[in-house]
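My questions all concern the structure below.
The values are calculated or read from the model by the stated rules, or taken from the named source; none is laboratory data. A quick note: this is a predicted structure, and the numbers were derived from the prediction, not measured. Reconstructed Cβ throughout: ideal geometry from the backbone, glycine too, with neighbour counts over all protein chains shown. Side chains included, ligands, DNA and RNA excluded: accessible areas come from the protein's heavy atoms. Shrake-Rupley method; radii C 1.70, N 1.55, O 1.52, S 1.80 Å.
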Amino acid sequence: MAKEKKFMTMDGNTAAAYASYAFTEVAGIFPITPSSPMADMVDQWSQQGRKNIFGQTVNVIEMQSEGGASGVVHGSLATGALTTTYTASQGLLLMIPNMYKISGELLPGVFHVSARTLAAHALSIFGDHSDVMACRQTGFALLASASVQQAMDLGAIAHLAAIKSRVPFLHFFDGFRTSHEVQKIEVLDYDDLAKMVDYEQLNAFRERGLTPNAPQLRGTAQNPDIFFQAREASNPYYDNLTDIVEECMDDMTKLTGRTYKPFVYHGAADAEKVIICMGSVYETVCETVDYLNAQGEKVGAVNVHLYRPFSGKRLLDTIPETCKKIAVLDRTKEPGAEGEPLYLDVKNVFCDSDRSPVIVGGRYGLGSKDTTPDQINTVFDHLDQDAPRHNFTIGIVDDVTNLSLPVGNPIDVTKEGTIAARFWGLGSDGTVGANKNSIKIIGDHTDMYAQAYFSYDSKKSGGVTISDLRFGKNPIKAPYLVNRADFVACHNQAYVDKYDMLTPLKKGGSFLLNTLWNEEELAEHLPGHMKRFIAQNDIDFYTIDAVTLARGIGLGNRINTICQAAFFKISRVIPLDDAVKYMKKAIKDTYGRRGEEIVTMNYQAVDAGLEHLKKIEVPADWADAPDEEVVTRDVPEFITQIVDVMNAQKGDSLPVSAFKD
């Protein structure tokens, strides 16, 4: 009898941590954004007494620096304990010296990395591949995941292949976009994972562990007479590594039904244009490929899972023979190089083959820049040119070196039945927490799929938060911000003058405003562009005074539960009675230990959100509402042309020339 599949709602960090805990005996940790949750969860599970597949509780050792954490990993592996760490960005770079030692000594450790940009002209805590690309020469195998589900599946494969091959692995996925994206995924069973371990190799690793009972010579200093030869002695392990990884992937495919290979192809069997990429953008490319092929195009996409070692033969076998043009997308920048790393690897493979497609490379998504189907469509359009430009960029306007591709007509790749919602909140008002609860309610209690992603102002508490949620009957593969929303909510009335919140809202969509204003005051205070949009696009406009309601109940500024109830009533994502039942169950589970009074207040908040929601009759004259008079200010040009634009959440519109010295 087949084992029933278990689904849970979690983010990418949780998925990777869950997989890693199964195979880990020692975790050497030091927190760094956005990888900290992985180490934190492993530490929590250890404190709770959770067992790994060997029946042990993970020994977690927190150090005072990333260098210290990687030292723990090296030392622990040397004694024969399966050891793991979690890091990103500058923290990963501080581990590089120990990474050389770990790989040089063929120790099967695993680093789980939520890939993040490196500080260059400025610090950025957000995501791209510049950190992991700086490690491609260390001797670690590099394994890339493109989604929350893959973060679990390939996270497990990294451990299995490391044990089997003796080569350490760096398993990475996109910082924030995957690490913090919440999805409903299938959870692997630890009993199944235990059966996949190569115990012969595991026992051999343990027997090689340093012990005073059997002294060994390690970590010597070597002279020119032997160093080169000893360095080359590791070649067979890397020669065999791709086969080993593929074996582990095949085992995972048999277990889950999800296809894994070093390179995975998606698209037309006779594709003439192909995009090669790795990381979360692959799902965006796939959605675009499906849309274009349905329009009669012949396009495809290749997802690079195993980046090191890079198997040219397998890449050639993956790409259709009909392919005439290839665009390679890199999420990093290597100034002064002929192209970025993945592009150069792909180019090199075809140089040694009898196939000669046109190959160009481009950059995307640096510092978590959003990458949309519209931009991917532009790349495919670019390949239609007789001589497509190499070294292009997408997602920005480069008016200095003119490398950017202009975005063409927008396309809508949304699967039928998908509901998209965006919430504008204030850091610490509970909006993000409420939306995480909504995702869990729908993901855990219905057969629907759910996705959530949260964009934070760098100030976090007191700053702007934007929550993007999607729900649907089909798996949601949209790792980009909501750009076509069925529902938009503004939980802070002060935002109406500051931000353009309604542009993503579809015609006939719903808008909820948390406000103290009555209908007459709305007419007085709402800006002209908002009135026009609401009237001209047949928007269902709702208001609720969650601030007054929350204070009256005794919840202070915690408006989240009230607004959450209003969302469920307006959107009808699930039957309202079910939503109320699940919300109140979540309240009981969350606040039950704090006493009945707290639980009762939150129950009242749910009821208040349903009872006091008000639909506004939109006056016909709003369709022609005038703009407000612009107040001139005597401020520097830098303020009006850059700071004001960024403060209005429109920094994406600024061209490269705005930052040219």
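Only one of Asp153, Asp128 is in a loop (DSSP other than H, G, I, E, B) and either at positive phi or open to solvent by less than 10 Å² (accessible area, probe 1.4 Å) (or both). Can you tell me which?
After ruling out the rest, the residue left standing is Asp128.
Could you look through segment 400-436, keep only residues that are within 23 Å of the chain's Cα centre (by Cα), of a type in the set (S, T, N, Q) and in a loop (DSSP other than H, G, I, E, B), and pick out the one that is farthest from Ala658 (Cα to Cα)?
Thr418
What is the residue count in segment 340-376 for residues that are of a type in the set (A, V, I, L, M) and assigned to a helix (DSSP H, G or I)?
Selection size over segment 340-376: 6.
Still on this structure, please answer the following. Out of Gln137, Gln90, Gln56, which single residue is open to solvent by 40 Å² or more (accessible area, probe 1.4 Å), under 20 Å from Asp40 (Cα atoms), modelled with pLDDT of 95 or more and outside any helix (DSSP H, G or I)?
Sole residue among the options that is open to solvent by 40 Å² or more (accessible area, probe 1.4 Å), under 20 Å from Asp40 (Cα atoms), modelled with pLDDT of 95 or more and outside any helix (DSSP H, G or I): Gln56.
Now for a separate question. For segment 221-242, name all the residues that are open to solvent by 80 Å² or more (accessible area, probe 1.4 Å) and within 34 Å of the chain's Cα centre (by Cα).
Asp239, Asn240
Further question on the same structure: For segment 316-332, which residues satisfy the criterion of being in a loop (DSSP other than H, G, I, E, B) and farther than 19 Å from Asp354 by Cα?
Arg331, Thr332
Here is a follow-up. Could you grab me the full set of residues in segment 15-50 that are of a type in the set (D, E, K, R) and touching a Phe, Trp or Tyr at 6+ places or on another chain (Cβ under 8 Å)?
Residues satisfying the conditions are Glu25, Arg50.
Of the residues Leu255, Leu193, Leu160, Leu170, which is at pLDDT 95 or above and either under 30 Å from Leu481 (Cα atoms) or not in a helix (DSSP H, G or I) (or both)?
On inspection, the qualifying residue turns out to be Leu170.
In this structure, is Asp447 closer than 26 Å to Val580 by Cβ, open to solvent by 40 Å² or more (accessible area, probe 1.4 Å) and free of Cβ contacts under 8 Å to residues at least 40 places away in the same chain?
It is true that Asp447 is closer than 26 Å to Val580 by Cβ, open to solvent by 40 Å² or more (accessible area, probe 1.4 Å) and free of Cβ contacts under 8 Å to residues at least 40 places away in the same chain.
Here are Leu405, Leu366, Leu383: which of them is in contact (Cβ under 8 Å) with a residue 12 or more places away in the chain, surrounded by 17 or more Cβ atoms within 10 Å (Cβ to Cβ) and under 24 Å from Leu315 (Cα atoms)?
Among Leu405, Leu366, Leu383, only Leu383 is in contact (Cβ under 8 Å) with a residue 12 or more places away in the chain, surrounded by 17 or more Cβ atoms within 10 Å (Cβ to Cβ) and under 24 Å from Leu315 (Cα atoms).
Evaluate the following for Asp399: is it charged (D, E, K, R), farther than 24 Å from Ala271 by Cα, in contact (Cβ under 8 Å) with a residue 24 or more places away in the chain and open to solvent by 40 Å² or more (accessible area, probe 1.4 Å)?
For Asp399, the condition - charged (D, E, K, R), farther than 24 Å from Ala271 by Cα, in contact (Cβ under 8 Å) with a residue 24 or more places away in the chain and open to solvent by 40 Å² or more (accessible area, probe 1.4 Å) - is met.
Within the set of pairs 6+ apart or on separate chains, which have a first residue in segment 25-53 that is over 30 Å from Gly367 (Cα atoms), a second that is open to solvent by 30 Å² or more (accessible area, probe 1.4 Å) and among the aromatic types (Phe, Trp, Tyr), and C-beta atoms under 8 Å apart?
Close Cβ pairs satisfying both conditions: Glu25/Phe54; Asn52/Tyr190; Ile53/Tyr190.
Another question about this same structure. Answer yes or no: is there a residue in segment 543-551 that is touching a residue at least 40 places away in the same chain (Cβ under 8 Å), of a type in the set (Val, Ile, Thr) and in a strand (DSSP E or B).
There is at least one residue in segment 543-551 that is touching a residue at least 40 places away in the same chain (Cβ under 8 Å), of a type in the set (Val, Ile, Thr) and in a strand (DSSP E or B).
I would also like to ask the following. Pick out the one residue from Asp621, Asp634, Asp661 that is more than 27 Å from the chain's Cα centre (by Cα), within 21 Å of Gly367 (Cα to Cα) and of a type in the set (D, E, K, R).
Asp661
Let me ask something additional. Any chance segment 644-655 includes a residue that's small (Gly, Ala, Ser), within 28 Å of the chain's Cα centre (by Cα), part of a helix (DSSP H, G or I) and at pLDDT below 95?
yes
Hey, could you check segment 504-558 for residues that are under 26 Å from Met601 (Cβ atoms) and charged (D, E, K, R) and say which is least open to solvent (accessible area, probe 1.4 Å)?
Asp545
Select from segment 72-87 the residues that are open to solvent by less than 30 Å² (accessible area, probe 1.4 Å) and out of contact with any Ser or Thr (no Cβ under 7 Å at 6 or more places or on another chain) and write down the one among them that is nearest to Ala158 (Cα to Cα).
Ala81
Determine if segment 584-593 includes at least one residue that is over 28 Å from Tyr456 (Cα atoms) and of a type outside the set (D, E, K, R).
Yes, some residue in segment 584-593 is over 28 Å from Tyr456 (Cα atoms) and of a type outside the set (D, E, K, R).
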